[in-house]
Amino acid sequence: MSRVQPLAAPADCVYTYDGSFDGFLCCVYESVYTHTLPAEIFTDDDAPLTLLDTVAVRTDREKARRVQASIPARISPRAMELVSTVFLSCLTGKELALLTFLLQGYREGGGLLTNFGDPVMAPLLRAERHLYGEVENLLGFVRFSDTGDFLVSTITPKNFVLPFLARHFILRYRAEQFILFDKTHSAALLYEKGRGRIVQMDGVTLPPDSETETLYQALWKRFYHTIAIAGRENPRCRMTNMPKRYWENMLEVRDSL
């Protein structure tokens, strides 16, 4: 990567890219080497009609590799961790926020990472905390069903959390075969024959529960409601400890929606 020059206000152009992390790194490369800060960065599928010039950034593995190597070398390893994590978050306009962070980081160095109140840093740190908080919740809220051949679960996260959940569930169910389907992002963690991988699954129909699974689900729901103490119900506390947006995928409470 060449020496980064100070950038003026956003240029009258937008970048489009293929949505991959390598593609985003190529947007960084394009910005650095043309000394241009785009007004927006869109994926090819989500790019709106605009009167601004559109720069279609092609994914080039060599350019992406150079940018990826430059981040820990010229800023810090923590910067690389933050960028790769926030890229998987649901932060609106994350690509432009990350590009702005990297350009400032190239100029200032790793000291930027210690300035938590910096207007460039703050939204990235919030997005990172939100993602990790969602991961922590899902480690406890994921419910698997037995179809006979696979264990199957559906989640609807705001962030793309499958890479952060993979190790936990593979270690926990290493003797099983399972599908953890992310309905929001049409992707799944597929584990079979001792091998796990994340794959796109558009328009998927998951297999139905086995008869034995249906019976156990009925028993579990009866047990859950039987041990409840009506006089001690506290809906506000319940939703604090078990956010309502997860209920649709939790057997014991989805009927309460």
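Going by the conditions given, is S84 over 22 Å from the mean Cα position of the chain (by Cα), assigned to a helix (DSSP H, G or I), modelled with pLDDT of 95 or more and farther than 26 Å from E192 by Cα? No; evaluated as a whole, the condition is false for this residue.
For (1) under 22 Å from the mean Cα position of the chain (by Cα); (2) free of Cβ contacts under 8 Å to residues at least 60 places away in the same chain; (3) surrounded by fewer than 20 Cβ atoms within 10 Å (Cβ to Cβ), each residue gets a yes or a no:
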site	(1), (2), (3)
S31	no, no, no
T54	no, yes, yes
T59	yes, yes, yes
I71	yes, yes, no
G105	no, yes, no
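Determine if the stretch 136-154 includes at least one residue that is more than 21 Å from the chain's Cα centre (by Cα), closer than 18 Å to V28 by Cα and either surrounded by 17 or more Cβ atoms within 10 Å (Cβ to Cβ) or touching a residue at least 60 places away in the same chain (Cβ under 8 Å) (or both). Within the stretch 136-154, none of the residues are more than 21 Å from the chain's Cα centre (by Cα), closer than 18 Å to V28 by Cα and either surrounded by 17 or more Cβ atoms within 10 Å (Cβ to Cβ) or touching a residue at least 60 places away in the same chain (Cβ under 8 Å) (or both). With respect to the numbered conditions (1) at pLDDT 95 or above; (2) in the same structural domain as D18 (by TED's automatic domain parsing), which one is the sole condition not fulfilled by T147? Of the numbered conditions (1) at pLDDT 95 or above; (2) in the same structural domain as D18 (by TED's automatic domain parsing), the odd one out for T147 is (2).
The single condition among (1) at pLDDT 95 or above; (2) closer than 14 Å to S153 by Cβ; (3) of a type outside the set (F, W, Y) that I198 does not satisfy is (2). Just so you know, in the stretch 217-231 the residues that are small (G, A, S) and in a helix (DSSP H, G or I) include one that is surrounded by the most Cβ atoms within 10 Å (Cβ to Cβ), and it is A218. Just one of the listed residues (T205, T212, T184) is part of a loop (DSSP other than H, G, I, E, B), of a type outside the set (D, E) and surrounded by fewer than 13 Cβ atoms within 10 Å (Cβ to Cβ), and it is T205.
Checking T59, T50 one by one, the residue that is within 24 Å of I198 (Cβ to Cβ), of a type in the set (S, T, N, Q) and assigned to a loop (DSSP other than H, G, I, E, B) is T59 and no other.
The values are calculated or read from the model by the stated rules, or taken from the named source; none is laboratory data. These numbers come from a predicted model, not from an experiment. Neighbour counts run over all protein chains shown; Cβ positions are idealised from the backbone, glycine included.
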